[in-house]
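First the structure, in the form of structure tokens, and then the observations on it.
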Amino acid sequence: MAGRILVGSCSWADKTLIDSGWYPPSVKSPAERLRYYAEQFPIVEADSPYYAIPLPQVAESWVQRTPRDFLFDIKSYALFTGHGTPLASFPKEVRAALPSTLRDKKNVYAKDLPPDTLDEMWRRWNDVLLPLDSAGKLGVVLFQFPPWF
């Protein structure tokens with residue numbers, strides 16, 4: 001079986017790409033950019049999930065806005081790769097349930113969290129990947145660990 005090499009970029013919403021003039025002037029919204037991008041390339045790396053876990057509806061919208069055979073490589077949420085993760089990136093209800101000793105921190109690590117909180121964050125992560133996987137659009141999930149890992 002012959003392999004396939006797919007070429008894409010690290011985002012359809014990267015400021016450098018937007019400012020470069022690559023998108024036609026009529027393509028202005030993130031949804032329009034993704035549609036246009038997916039007409040030009042078969043794959044993209046979504047790096048925004050590294051900074052915050054999107055809602056499942058966001059992943060569902062990605063599925064709807066791209067061709068059947070389009071793939072998303074997803075960069076893992078920072079919390080799962082040993083990086084310090086801003087508490088501001090946690091969903092409000094998860095932050096509110098944290099012990100008071102953690103709620104005032106700027107960044108936390110997975111090792112700092114109560115097991116049930118970490119489990120909840122993994123559940124939310126899986127909920128985002130599921131629409132992509134179910135549609136056959138999940139490429140790789142990139143776990144980019146820090147040098148000290």
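Filtering the stretch 16-50 to residues that are in contact with a Gly (Cβ under 8 Å, 6 or more places away or on another chain), β-branched (Val, Ile, Thr) and free of Cβ contacts under 8 Å to residues at least 60 places away in the same chain leaves only Val44. When Ala88, Ala38, Ala52, Ala59 are screened for being part of a helix (DSSP H, G or I), within 24 Å of Asp127 (Cβ to Cβ), touching a helix residue (DSSP H, G or I) at 6+ places or on another chain (Cβ under 7 Å) and at pLDDT 95 or above, only Ala59 passes. Of all residues in the stretch 6-35, those satisfying the criterion of being assigned to a helix (DSSP H, G or I) and either out of contact with any helix residue (DSSP H, G or I) (no Cβ under 8 Å at 6 or more places or on another chain) or not small (Gly, Ala, Ser) (or both) are Lys15, Thr16, Leu17, Ile18, Asp19, Pro30, Glu32, Arg33, Leu34, Arg35. Determine whether Leu118 is of a type in the set (A, V, I, L, M), under 30 Å from Phe149 (Cβ atoms), modelled with pLDDT under 95 and not in a loop (DSSP other than H, G, I, E, B). For Leu118, the condition - of a type in the set (A, V, I, L, M), under 30 Å from Phe149 (Cβ atoms), modelled with pLDDT under 95 and not in a loop (DSSP other than H, G, I, E, B) - is not met. Within the stretch 51-69, being crowded, with 17+ Cβ neighbours inside 10 Å and free of Cβ contacts under 8 Å to residues at least 40 places away in the same chain holds for one residue alone: Arg65. For the stretch 70-89, the set of residues classified as under 18 Å from Leu129 (Cβ atoms) and either surrounded by fewer than 22 Cβ atoms within 10 Å (Cβ to Cβ) or of a type in the set (A, V, I, L, M, F, W, C) (or both) consists of Phe70, Leu71, Phe72, Asp73, Ile74, Lys75, Ser76, Ala78, Leu79, Phe80, Thr81, Ser89, listed by residue number. Of everything in the stretch 65-85, what is within 15 Å of the chain's Cα centre (by Cα), in a loop (DSSP other than H, G, I, E, B) and closer than 20 Å to Pro30 by Cβ? Give them in sequence order. Once the filter is applied, which keeps residues that are within 15 Å of the chain's Cα centre (by Cα), in a loop (DSSP other than H, G, I, E, B) and closer than 20 Å to Pro30 by Cβ, the stretch 65-85 yields only Tyr77. Each residue in the stretch 93-129 was checked for being loosely packed, with under 14 Cβ neighbours inside 10 Å, of a type outside the set (Asp, Glu) and within 30 Å of Arg65 (Cβ to Cβ), and 2 pass.
The values are calculated or read from the model by the stated rules, or taken from the named source; none is laboratory data. Keep in mind it's a predicted model, so treat the numbers as computed, not measured. Cβ atoms come from the backbone with ideal geometry, glycine included; neighbour counts cover every protein chain shown.
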